[in-house]
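Encoded as structure tokens, the structure appears first; notes follow it.
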Amino acid sequence: MREKNEASASTPSSSEPARAPKEDARAFAPSEVLPYGDVASSEPDWIALLAHLPGGVSRFDRELRFLFINAEQAHWYGRSVSDITGRKLSEVVPAERYARALSFLKKALHGKTVVYENRVDRGDGDLHIRQITFIPERNAEGAVVGTISFVIDITESRRAESALVQSQTQLLSLFQALPDLVFTKDSQGRFIAANAMFTRFFGMETGEAIFGQRSADLLPADISARWERQDSMVLLTGNPQRSEERLSDAAGRHVGIFDVIKSPLRDAAGRIVGVLGVARDVSARCQAESEVERLAYYDTLTDLPNRRLFTKTLRESLTAAARCRAGAVLLIDLDHFKTINDTLGHDAGDRLLQLVGARLADTMPAARIVARFGGDDFAVLLEEPVTQASESDELPSDAWRDAVCIVAQGLLEILQRPYRAGERHHFSPPSIGIAMYGGASALSVDELLKRAELAMYEAKARGRNGFCLFDPAMEAALAKRAALESALRAGIAKGELRLHYQAIVNVDGNVSGAEALVRWKHPAHGLMAPCEFIGLAEDSGLIIPVGEWVLRSACGQLAGWSARTATQALTIAVNVSARQFRHPDFVAMVRSALDETGADATLLKLELTESLLFHDTADVVSKMESLRALGIRMSLDDFGTGYSSLTYLKRLPIDQLKIDRSFVADVLSDPTDAVIVRAVLSLAASLELDVVAEGVETLEQVQWLREEGCRLFQGFYFSRPKPVGELEKEMGLSI
């Protein structure tokens, strides 16, 4: 049934309870609402406010008889205002809802403000959630004479609080924000009511003290003037006004940032008669937002902007052609920073990063932004301002390039100076990559940063402690390398790797073994030598599967040779990279290869380079001893080309040294090389180690080495690397 108009409601029958006349109901209208407190009954204008507030409003006497109910509340009950006024609550609501409400009403009648939520099925398919507030009403003597009920449908607020704040500002501001500073003003800008939080904040003992005062009586001049302007806008337009204010309480103990919302206050006729205000303390939120922004955009170690803020600023610069004619990104990487972390600890590394950050910030005040990218990487953004002479240019000028290079050189000089941390001095010179762009550049942020990174790696490749400008050839080389890596990955899976073997010949001219050398049969480039792809495999990590394939293939060949008399004593040497050897499963992988192929471990030689000796020597020794326990022999490859140490020869279980081809090539013409080779041969003889001379290409070299005591040779003079079948045929091993 649709609700009847309140003016047309019929008078109650003699069987109905007596209804309080309208003027009696207004006599109980409160003059002041105190949050979670009491309602005093003296101000007749308050009932007009209640009648036009959104939501349901009811007023009960101590017998829980309706003295007042607004149209919204009556509509929720499915009745008219006139039908409900004067009835008891138990006659209007279902028994189960009445029983639930009764416990809360009793508390209100005992002088307590009660707030609770109720779930109501209105029959429209949705479950509605309503917040019900019972506020005790007192007479002039302070006795509780009834209660006022405020009912708010908060279903939508649960779904979208922001939408509810906009659509029901008055209701939510007044009742959901009761713990906030709540106040009302008349049309003349005078306070007429305020909640306890407001009066306590401004040092007033009672709510009456606020009556008649103005904003200027409570607030500093600038804030009160702003509040008066906001009040005027609310009264004039009927639209809410919102601002943030820094307010301090009367005692000066609390200074906070408050979110202030002003909304129009209307009478029963809908006319704007004043302003309703709510001020919420959002200091904690503002502090949290500030902290979130700091964490999001600033590096916690150096307090410099981080990568996110740098890229945001760079994006703005790339689109700001009117302000910036050209720009440059300088990507700075600290050389050998990892060594400081590893040797002195991360605390020392962090302190160094802080010092570098401070030095950059002090040195580059004219930069658009100086940031820490992460790790030991920093970035600087420089911009060339637009001038009349450069407005028509589309690309960075030579003068701008020169200026950027001067800045980069200055950074090199400043950053390579020692840093003092405690009692120690640290050195960490930089490598700087530079990428230039025009003011209306079509480059993306990612592309520009990639160019700067490529230039930085090129600076490192050129010897570090320098700077390099991006060149398109770098990008082409990177693309070629990426394509080669992808092809190698696919080639491993497709079985495109091949093994060639180079004979190792003894002093009598007989083949004693061979070295396994990997080749890649590229589908487009043909057979590729190791020098063309092994470095790539090392950098990309593909050396692990490549090395495993080589080892298993060589072990399979050993097993095949062991079945024939002519080849059963031949050894095979396999090169092992430092990265492959350091893999935690390397020993297990070797053992598995031997077990699966049935190869004789005593005929397998693993050739190791000196570079692996500089990383955790104890682990290297442990693995070598485990391999030697299987019967495998170890050879130290390219001996003499690295930082050779007699200590390594003493500690490591080495069986053989290989003299690098660079010494053998000039042994007849360079006295220094001859001395080195003699020294190696003498040292090996003293330590009872075999020696293989690599790169032997002439009979004269063979004769000289033989006279000096060398007994094993490898090189083009005897044989080039070949597939196993061709090697066997050439060396007479195929029978």
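Please tell me if MET634 is surrounded by 13 or more Cβ atoms within 10 Å (Cβ to Cβ), outside any helix (DSSP H, G or I) and within 49 Å of the chain's Cα centre (by Cα). Break it down stepwise before answering.
Values: surrounded by 13 or more Cβ atoms within 10 Å (Cβ to Cβ): yes; outside any helix (DSSP H, G or I): yes; within 49 Å of the chain's Cα centre (by Cα): yes.
Judged against the criteria, MET634 is a match.
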Count of the stretch 475-508 residues which are open to solvent by 60 Å² or more (accessible area, probe 1.4 Å) and in a strand (DSSP E or B): 1
Residues of the stretch 346-402 classified as closer than 14 Å to ALA326 by Cα, open to solvent by 80 Å² or more (accessible area, probe 1.4 Å) and either in a loop (DSSP other than H, G, I, E, B) or modelled with pLDDT of 85 or more (or both), total: 9
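Could you list, in sequence order, all residues of the stretch 673-694 that are of a type in the set (S, T, N, Q) and open to solvent by 80 Å² or more (accessible area, probe 1.4 Å)?
SER686
Can you give me the number of residues within the stretch 520-549 that are assigned to a strand (DSSP E or B) and free of Cβ contacts under 8 Å to residues at least 24 places away in the same chain?
Looking only at the stretch 520-549, we keep the residues that are assigned to a strand (DSSP E or B), and these are 520-522, 526-528.
Going one step further and asking which of them are free of Cβ contacts under 8 Å to residues at least 24 places away in the same chain, we end up with 526, 528.
The number of residues fulfilling the criteria is 2.
Of everything in the stretch 711-723, what is under 16 Å from SER662 (Cα atoms) and not in a strand (DSSP E or B)? Give them in sequence order.
Let us first name the residues in the stretch 711-723 that are under 16 Å from SER662 (Cα atoms), namely 713-717.
If the condition is that a residue be under 16 Å from SER662 (Cα atoms) and not in a strand (DSSP E or B), then GLN714, GLY715, PHE716, TYR717 are the ones that fit.
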Conditions (1) more than 30 Å from VAL724 (Cα to Cα); (2) open to solvent by 10 Å² or more (accessible area, probe 1.4 Å); (3) not in a helix (DSSP H, G or I): number failed by GLU413: (3)
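Which residue, of VAL576, VAL511, is crowded, with 16+ Cβ neighbours inside 10 Å, touching a strand residue (DSSP E or B) at 6+ places or on another chain (Cβ under 8 Å) and over 30 Å from SER622 (Cβ atoms)? Don't jump to the end; show me each part of the working.
Numbers: VAL576 fails: over 30 Å from SER622 (Cβ atoms).
Criteria check complete, one pass: VAL511.
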Count of residues meeting criterion [open to solvent by less than 40 Å² (accessible area, probe 1.4 Å) and part of a loop (DSSP other than H, G, I, E, B)] in the stretch 186-233: 5
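Which of the residues that make up the stretch 680-696 are assigned to a helix (DSSP H, G or I) and more than 21 Å from GLY715 (Cα to Cα)? Spell out the reasoning first.
Let us first name the residues in the stretch 680-696 that are assigned to a helix (DSSP H, G or I), namely 680-686.
Across the stretch 680-696, the qualifying residues are SER682, LEU683, ALA685, SER686.
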Selected residue (criterion: farthest from THR199 (Cα to Cα)) from residues of the stretch 242-258 that are open to solvent by 50 Å² or more (accessible area, probe 1.4 Å) and either at pLDDT 85 or above or under 37 Å from the mean Cα position of the chain (by Cα) (or both): ARG242
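Do you know which of the residues in the stretch 695-711 that are in contact (Cβ under 8 Å) with a residue 40 or more places away in the chain and open to solvent by less than 30 Å² (accessible area, probe 1.4 Å) is farthest from MET634 (Cα to Cα)? Please lay out each step first, then the result.
Start the filter on the stretch 695-711 by keeping residues that are in contact (Cβ under 8 Å) with a residue 40 or more places away in the chain, which leaves 705-706, 710-711.
With open to solvent by less than 30 Å² (accessible area, probe 1.4 Å) added as a condition, the list becomes 705, 710.
Values: LEU705: 22, CYS710: 18 Å.
If we take residues in the stretch 695-711 being in contact (Cβ under 8 Å) with a residue 40 or more places away in the chain and open to solvent by less than 30 Å² (accessible area, probe 1.4 Å), then LEU705 is farthest from MET634 (Cα to Cα).
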Checklist (1) open to solvent by 20 Å² or more (accessible area, probe 1.4 Å); (2) under 18 Å from LEU318 (Cβ atoms) applied to ALA461, failing item: (2)
Among (1) touching a residue at least 12 places away in the same chain (Cβ under 8 Å); (2) open to solvent by 20 Å² or more (accessible area, probe 1.4 Å), the one test that THR343 misses: (1)
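The values are calculated or read from the model by the stated rules, or taken from the named source; none is laboratory data. Model, not experiment: these values are computed from the prediction. Please note: Cβ atoms are built from the backbone with ideal geometry, for glycine as well, and neighbour counts cover all protein chains shown. In case anyone asks, the SASA skips ligands and DNA or RNA and just uses the protein heavy atoms, side chains included. Shrake-Rupley method; radii C 1.70, N 1.55, O 1.52, S 1.80 Å.
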